[in-house]
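**Q** I'd like to ask some things about the structure below.
The values are calculated or read from the model by the stated rules, or taken from the named source; none is laboratory data. These numbers come from a predicted model, not from an experiment. For neighbour counting, all protein chains shown are included, and Cβ atoms are generated from backbone atoms with ideal geometry for every residue, glycine included. These accessible areas exclude ligands, DNA and RNA; they are computed on the full protein's heavy atoms, side chains included. Shrake-Rupley method; radii C 1.70, N 1.55, O 1.52, S 1.80 Å.
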Amino acid sequence: MKHLLSAAVSVSVCVYNTQAFSNIHANRSSRIVDGSVAAPSKWQLHAESNPSCEVLLMDHFNINHEKGRHDALRAFYFDFLGCAIDPRKQENIELGKKTLWMNVGMHQFHLPEGKPDAQVFDGVITLIHEDLSALMERYNDYLDGDEKFAPLKETEFMVGVLDDSLLMVTDPWGTEFNLMSSDDPEEDRASDVGAQPLIEGHKPSEGLKLEDLTVNVPHDANLEGIGRFYQHVLGAPAIEELGSESSISISMGERQTLTFQYHPDGPDTLVNHHDFSYDEQDEFPSNHGPHISLYVTDLAKAYQSAAKLGVTYVNPRFKRRAYSEEEALDQCMFRLIEIIDPLDENKEVILYLEHEVRSAKTRDGKKYKSCPLNEV
């Protein structure tokens, strides 16, 4: 029985709020909104509007999975989404525990074990696939009881089918994904620009790219202030064509966006993207919430801007720590977590969201070992 061909089944599983999708992605292809004329791709919008963006790419998103549930993790990311196994964490698959890395084109998910619970990201992750037919077929197999997908039973896993160009998916713990079909697979994969490592003999990921990460924010959040923060600290401008009264999209290089939108569940919804714990021996609290990682063209400049604003951060949870600009250059990274409007004299925190800011180059000018770009 091919369940996804049944309109009744499709409607019954589709319980998502589509506001975020409509706001963010109308400019990728207007046929998704009105079924008519195609609009410019987001790559075109970036190239035309933001030629001086100092962010190269958003390379990974880090979010904890439920400890002891490698089975559900693998069933969702590998068996359903078709992510590629990163060889640097292959041994953990064999162990059946610890962190896994799932590759999507030149982008990644870093998925450490929770303590013990999984994190549920309060937002939406948008991935681009060449087409969605294989995913639809797998969801049919799941509904028909295929043992490969048995670990997803009695979890939050769900698929909503809007049309053949968009699936709205919930992972086993409640994080929401938009899966979109590509207008130009070669452009979206961008293998001429970069790629993550691949195990010999394995196929590349079915997913072509992580296109957008949408972060839900309180309705009183200063969206213009968020935009000024990214421009001032990271040299990442807002893309006016993708914004609205309730959202702002920040350019993450030529191929991605980081979007902040008022929470679709309304103004009374509690929003929290951090999870602090404190140890008197540490200068900073540990954050166990999700974080994003991105590469910039000039790490020293970004660090100086962040330090001047007072938003540099060290997460004691991780071994690599940069307490100064020199240590940041040695480590090829630093962190920040407080988003503050540079024009706010009181420096009130608009939002806590951890960023790992990386350099594509080491001190001696060589490419940093983890950077997926072919040329830097």
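**Q** Just to be sure I understand the filter: pairs with C-beta atoms under 6 Å, separated by 6 or more residues or on different chains, first member in segment 146-173 and over 16 Å from Leu132 (Cβ atoms) and at pLDDT 95 or above, second member part of a loop (DSSP other than H, G, I, E, B) and among the aromatic types (Phe, Trp, Tyr). Which pairs pass?
**A** Glu156/Trp173; Pro172/Phe157
**Q** Take the residues in segment 318-338 that are within 21 Å of the chain's Cα centre (by Cα) and not in a loop (DSSP other than H, G, I, E, B); name whichever of them is surrounded by the fewest Cβ atoms within 10 Å (Cβ to Cβ).
**A** Only one residue tops the list, namely Glu338.
**Q** Would you check if Ala134 is over 18 Å from Met58 (Cβ atoms) and either under 16 Å from the mean Cα position of the chain (by Cα) or of a type in the set (A, V, I, L, M) (or both)?
**A** Yes: the conditions hold for Ala134.
**Q** Just to be sure before I move on: is Glu224 open to solvent by 10 Å² or more (accessible area, probe 1.4 Å), outside any loop (DSSP other than H, G, I, E, B) and either more than 21 Å from Leu351 (Cα to Cα) or modelled with pLDDT under 95 (or both) in the structure I sent? Give the steps one after another, and end with the answer.
**A** Working: open to solvent by 10 Å² or more (accessible area, probe 1.4 Å): yes; outside any loop (DSSP other than H, G, I, E, B): yes; either more than 21 Å from Leu351 (Cα to Cα) or modelled with pLDDT under 95 (or both): no.
For Glu224, the condition - open to solvent by 10 Å² or more (accessible area, probe 1.4 Å), outside any loop (DSSP other than H, G, I, E, B) and either more than 21 Å from Leu351 (Cα to Cα) or modelled with pLDDT under 95 (or both) - is not met.
To keep it simple, each residue is scored yes or no on (1) at pLDDT below 95; (2) touching a Gly at 6+ places or on another chain (Cβ under 9 Å); (3) open to solvent by less than 50 Å² (accessible area, probe 1.4 Å); (4) not hydrophobic (A, V, I, L, M, F, W, C).
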| position | (1), (2), (3), (4) |
| --- | --- |
| Glu245 | no, no, no, yes |
| Met252 | no, no, yes, no |
| Gln256 | no, no, yes, yes |
| Val271 | no, no, yes, no |
| Asp279 | yes, no, no, yes |
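**Q** From the residues in segment 297-306 that are assigned to a helix (DSSP H, G or I) and open to solvent by 50 Å² or more (accessible area, probe 1.4 Å), which one is nearest to Leu351 (Cα to Cα)? If you could, list the steps in order and put the result at the bottom.
**A** Our first condition is that a residue be assigned to a helix (DSSP H, G or I); within segment 297-306, this holds for 299-306.
Adding the requirement that they be open to solvent by 50 Å² or more (accessible area, probe 1.4 Å) leaves 301, 304.
On the way: Lys301: 22, Gln304: 21 Å.
Only one residue tops the list, namely Gln304.
**Q** Regarding segment 289-296, can at least one residue be identified that is open to solvent by less than 50 Å² (accessible area, probe 1.4 Å), under 27 Å from Ala118 (Cα atoms) and assigned to a loop (DSSP other than H, G, I, E, B)? Break it down stepwise before answering.
**A** Restricting attention to segment 289-296, the residues satisfying the condition of being open to solvent by less than 50 Å² (accessible area, probe 1.4 Å) are 289-296.
Those left that are additionally under 27 Å from Ala118 (Cα atoms): 289-295.
With the extra rule that they be assigned to a loop (DSSP other than H, G, I, E, B), the set shrinks to 289-290.
Checking segment 289-296: at least one residue is open to solvent by less than 50 Å² (accessible area, probe 1.4 Å), under 27 Å from Ala118 (Cα atoms) and assigned to a loop (DSSP other than H, G, I, E, B).
**Q** Answer with yes or no whether Thr362 is more than 24 Å from Pro112 (Cβ to Cβ) and of a type outside the set (Lys, Arg).
**A** Here the answer is yes, as Thr362 does meet what is asked.
**Q** If I filter segment 86-102 down to residues being part of a helix (DSSP H, G or I) and among the aliphatic types (A, V, I, L, M), which single residue comes out as surrounded by the fewest Cβ atoms within 10 Å (Cβ to Cβ)?
**A** This residue is Leu95.
**Q** Among the strands (runs of 3 or more DSSP E) lying completely within segment 103-219, list those that include at least 3 residues that are open to solvent by 20 Å² or more (accessible area, probe 1.4 Å) and more than 19 Å from Ala72 (Cβ to Cβ).
**A** 158-163
**Q** Still on this model: Out of segment 140-171, which residues are touching an Asp or Glu at 6+ places or on another chain (Cβ under 6 Å) and farther than 24 Å from Gln256 by Cα?
**A** Lys148, Pro151
**Q** Which ones in segment 68-85 are in a helix (DSSP H, G or I) and over 19 Å from Met58 (Cβ atoms)?
**A** Taking segment 68-85 as the starting set, the residues that turn out to be in a helix (DSSP H, G or I) are 70-80.
Scanning segment 68-85 gives His70, Asp71, Ala72, Leu73, Arg74, Ala75, Phe76, Phe78, Asp79, Phe80.
**Q** Find the residue count for segment 339-374, including only residues that are among the β-branched types (Val, Ile, Thr) and either in a loop (DSSP other than H, G, I, E, B) or surrounded by fewer than 16 Cβ atoms within 10 Å (Cβ to Cβ) (or both).
**A** The total comes to 2.
**Q** Keeping to segment 69-103, report how many residues are out of contact with any Pro (no Cβ under 7 Å at 6 or more places or on another chain) and of a type in the set (Gly, Ala, Ser).
**A** 2
**Q** Here's a check for you: in segment 232-243, which residue that is more than 19 Å from the chain's Cα centre (by Cα) and open to solvent by 10 Å² or more (accessible area, probe 1.4 Å) is nearest to Val296 (Cα to Cα)?
**A** Among residues in segment 232-243 that are more than 19 Å from the chain's Cα centre (by Cα) and open to solvent by 10 Å² or more (accessible area, probe 1.4 Å), the one nearest to Val296 (Cα to Cα) is His232.
**Q** Please enumerate the residues belonging to segment 339-376 that are within 23 Å of Asn216 (Cβ to Cβ) and under 23 Å from the mean Cα position of the chain (by Cα).
**A** Ile339, Ile340, Asp341, Val349, Ile350, Leu351, Tyr352, Leu353, Glu354, His355, Glu356, Val357
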